[in-house]
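Reviewing the structure listed below.
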Amino acid sequence: MGLPLSKYVWFDGKFVTLDKANVPITTHAIHYGTSVFEGIRAYWNEKNLFVFRLDEHIKRFRKSGQFYNISLNFSDKIISDAIIGICKKNKIKKSCYIRPFYFVGDYGINLHVTEKAPTNVAIFTFPFGDLFNKNGITAGVVSWRKFSDMSTPPQAKMGGNYLNSIIATQEAKRNGFDEAILLDHNGNVSEAPGENIFIVREGQLITPPLSSSALNGITRDAIIKIARDLDIAVTETEI
């Protein structure tokens, strides 16, 4: 299913139309998943567009690549300005999803990726409302486990890492659920394919610790901080 992408994208430092943002089939990331991304929400309130925790997203954006020595060859300010700029360029006046990503480019089949490997950077956006039904969804534990930090860094938002999420989602859908729940290698709750998990129990929030291979999510952090500001107890513990 195609996405209703906005007309303009940001590609390697320039605003271009979508049809001008092309890469060769020898792009390393196509073959090996060597891409880094963020998923940023922006909310329209009839007057302005508010980008959710942009600075935190950009900080993680760069850090994810550092796990794999993949270089982001633009400053944080340039990326921040580009994200805001792509919304202005496309005259966005509704809530949207913003996807910045960078990836290893034309690097052959070499598995020794270094900071000198060529990279490309792109940003696109599209309208985006609620991800799930507000009336609730079904979720089921799948047989696939969330990878541990002994295999690959769970804190890196890497394209290749999300094959784990894809196969978990496929199983959940086959079993009639809206969403999957992944367990860690010890059999404890880790997270969903693209979301952190919280349990509401006796007036408090409970969420798996990062040691259960859960992503240190930006929305997760926001929920914890808001809850504590409201004097709601939050416990990070194995489930």
### Message
Checking the conditions here, which among Glu179, Glu202, Glu191, Glu195 is farther than 20 Å from Arg41 by Cβ, acidic (Asp, Glu) and either surrounded by 13 or more Cβ atoms within 10 Å (Cβ to Cβ) or outside the structural domain of Glu56 (by TED's automatic domain parsing) (or both)?
### Response
Glu202
### Summary
Within the stretch 20-50, the residues that are over 18 Å from the mean Cα position of the chain (by Cα) and of a type in the set (Asp, Glu) are Glu46
#### Entry: Meets criteria (surrounded by 13 or more Cβ atoms within 10 Å (Cβ to Cβ) and either more than 21 Å from the chain's Cα centre (by Cα) or of a type outside the set (S, T, N, Q) (or both)) for Leu3
no
#### Entry: Residue that is nearest to Gly129 (Cα to Cα) [pool: residues in the stretch 37-65 that are surrounded by fewer than 14 Cβ atoms within 10 Å (Cβ to Cβ) and of a type in the set (S, T, N, Q)]
Asn45
### Task
Starting from residues that are among the aromatic types (Phe, Trp, Tyr) and under 16 Å from Thr138 (Cα atoms), keep the ones in the stretch 148-205 and report whichever is nearest to the chain's Cα centre (by Cα).
Phe198
### Message
Tell me yes or no: at least one residue of the stretch 114-126 is surrounded by 16 or more Cβ atoms within 10 Å (Cβ to Cβ) and part of a helix (DSSP H, G or I).
### Response
no
### Task
Keeping to the stretch 149-188, report how many residues are farther than 22 Å from Ile218 by Cβ and polar (S, T, N, Q).
5
## Note on the structure
Of all strands (runs of 3 or more DSSP E) fully inside the stretch 131-205, the set with 1 or more residues that are in contact with a Lys or Arg (Cβ under 6 Å, 6 or more places away or on another chain) and in contact (Cβ under 8 Å) with a residue 24 or more places away in the chain is 179-183, 189-191
### Task
Can you tell me which residue among Thr152, Thr169 is within 27 Å of Phe52 (Cα to Cα) and either of a type in the set (Val, Ile, Thr) or in the same structural domain as Phe61 (by TED's automatic domain parsing) (or both)?
Thr169
## Note on the structure
The residue that is nearest to Lys47 (Cα to Cα), considering only those in the stretch 97-108 that are modelled with pLDDT of 95 or more and in a loop (DSSP other than H, G, I, E, B), is Gly105
### Message
Being more than 16 Å from the chain's Cα centre (by Cα), touching a residue at least 60 places away in the same chain (Cβ under 8 Å) and over 20 Å from Phe11 (Cβ atoms) is the filter here; which residues of the stretch 116-130 pass it?
### Response
Pro127
### Task
Filter the stretch 72-113 down to residues that are of a type in the set (Gly, Ala, Ser) and surrounded by 13 or more Cβ atoms within 10 Å (Cβ to Cβ) and give me whichever is farthest from Arg60 (Cα to Cα).
Ser95
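The values are calculated or read from the model by the stated rules, or taken from the named source; none is laboratory data. The structure presented is a predicted model; accordingly, all values stated were derived computationally and were not measured. Note: ideal-geometry Cβ built from the backbone for every residue, glycine included; neighbour counts use all protein chains shown.
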